[in-house]
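The values are calculated or read from the model by the stated rules, or taken from the named source; none is laboratory data. In this text the structure is predicted, and so the values were computed from the model without any measurement. Here the Cβ positions follow ideal geometry from the backbone for every residue, glycine too, while neighbour counts run over all protein chains shown. Just so you know, the surface numbers come from the protein's heavy atoms only, side chains and all, with ligands and any DNA or RNA stripped out. Shrake-Rupley method; radii C 1.70, N 1.55, O 1.52, S 1.80 Å.
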Amino acid sequence: MINTTERAQTHEAAQKNQADQESLLARAYADPASIAPKDARGIVRHFFSRLTELEEGTHEYSYVRNVLIEVNLSLVQYVASRFKHRGPQEMEDITQVGTIGLIKAIDRFELCREVEFTSFAIPYITGEIKRFFRDTSWAVHVPRRLQEARLELSRATEELRTRLGRLPSTAELAELMQLEPSEVAEAQRASNGYNSVSLDAAANGKDDDAEVLLGDFLGCDEDRFELVENFHSLAPLIADLDERDRRLLHLRFVEERTQQQIADEIGCSQMHVSRLISRVVAGLRAGLMTEQ
């Protein structure tokens, strides 16, 4: 009698669970956002099984896939909450990137893996967010190996500074990190690209009255430097000219006389002066090109 009663109760409980499950699935199809995280874990296998029965690219396949995305968005919120320290401005981007990781996990999950989807999806979501940080957090883009080397360098520097009571040398870091000193130096240079400072930032000390901007210390291309170099290159070439050619250059380019005025002074035609100046200038230009 007791066994019969227990079997009846068990059968009734099973029917109720089945009815609850069917009701939950119907609600998930109609309003995926209304499914609580604890309920989502119990129905995702049904939707993955349904995906295997549908043809990819059809409207029904896309709908079931979207249901899976929506009922698992709580996983994205859970992973994103680990990065709340980065501030509310970045949380929206983090959530969007995490959703991309969730979608990748859904597209790559297979029921035959015999693993909970939660355990499969969280590493995908976390990895996508960390990849986002790696690609966007640096002020200057550097190769991934150097980004990872920066993290290792930071840990090694902190460990040695605690142990030695001072900043470690490059050789000491190289020994701890099991790298060549040149590789450590490269990672140290790459670390400078993580943060940037605005050129409009103040560069003066606290006690300075006048504000000096960092941009004020930057140089610019100075054309006169090239002019000085040309003067030094021309000097020996001009010294090799005869007296008449040097006088022609002086009258034309120092006293800035016209060709006619020069012709009147040396007693020849303006056309002859033009040919003489052209010949001298061409010779000097050829001499400069030969030196270069």
Can you compute the modelled spin-label distance between LYS130 and GLU56, with each label point 7 Å from Cα toward Cβ, in nm?
2.7 nm
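If you filter the stretch 49-125 for trypsin sites (Lys or Arg not before Pro), then keep DSSP loop positions with at most 12 other Cβ within 10 Å, what is left?
Working: sites: ARG50, ARG65, ARG82, LYS84, ARG86, LYS104, ARG108, ARG113; in loops: none.
Qualifying residues, ordered by number: none.
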Quick check: pseudo-label points 7 Å beyond the Cα along Cα→Cβ at SER269 and ARG86, how many nm apart are they?
8.1 nm
So the angle from the long Cα axis of helix 181-191 to the longest Cα principal axis of the chain, reported in degrees to the nearest 10, equals 80 degrees
Angle check, please: helix 270-291 long axis (alpha carbons) against the longest principal axis of the chain (alpha carbons), in degrees 0 to 90, nearest 10.
50 degrees
Accessible area of THR126 in the full protein assembly, 1.4 Å probe (Å², nearest 10):
20 Å²
How would you classify the chain from its alpha-carbon gyration tensor, with a ≥ b ≥ c the square roots of the eigenvalues: rounded for a/c under 1.5, else prolate if a/b is greater than b/c, otherwise oblate?
prolate
Here FRET efficiency (C-beta to C-beta, ASN192 to GLU70, R₀ 35 Å, nearest 0.05) is 0.20
Report the extension gain between PHE225 and GLU243 in nm, rounded to one decimal, defined as 0.36 nm multiplied by the number of residues separating them, less their alpha carbon distance.
3.6 nm
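Scan the stretch 15-97 for GluC sites (Glu not before Pro) in coil per DSSP, keeping those whose Cβ has at most 11 other Cβ atoms within 10 Å, and list them by number. Walk me through the intermediate numbers first.
Values: sites: GLU22, GLU53, GLU55, GLU56, GLU60, GLU70, GLU90, GLU92; in loops: GLU55, GLU56.
In loop regions of the stretch 15-97 (DSSP not H, G, I, E or B), the sparsely surrounded GluC sites (Glu not before Pro) are GLU55, GLU56.
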In whole percent, and with a 1.4 Å probe on the protein chains, what portion of the accessible area of the chain is carbon and sulfur?
51 percent
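Given a 1.4 Å probe and heavy atoms of the protein chains only, how would you sort ARG155, ARG244, largest accessible area at the top? Walk me through the intermediate numbers first.
Details: ARG155 155, ARG244 120 Å².
Listed by decreasing accessible area, they come as ARG155, ARG244.
So how many Å³ per residue does the convex hull of the Cα atoms of the stretch 233-292 work out to? List each step's numbers first, then the result.
On the way: hull volume 4.4 nm³, N = 60.
Enclosed volume per residue, from the Cα hull, is 73 Å³.
For the chain, report the accessible area per residue in Å² (1.4 Å probe, heavy atoms, rounded to an integer). It would help to have the intermediate numbers written out before the result.
On the way: 20130 Å² over 292 residues.
I get 69 Å² per residue for this part.
Once you have the Cα-Cα distance between VAL281 and GLU22, take 0.36 nm times their residue separation minus that, and quote the gain in nm to one decimal.
Details: separation 259, 0.36 × 259 = 93.24 nm, distance 9.64 nm.
So the chain would gain 83.6 nm between VAL281 and GLU22.
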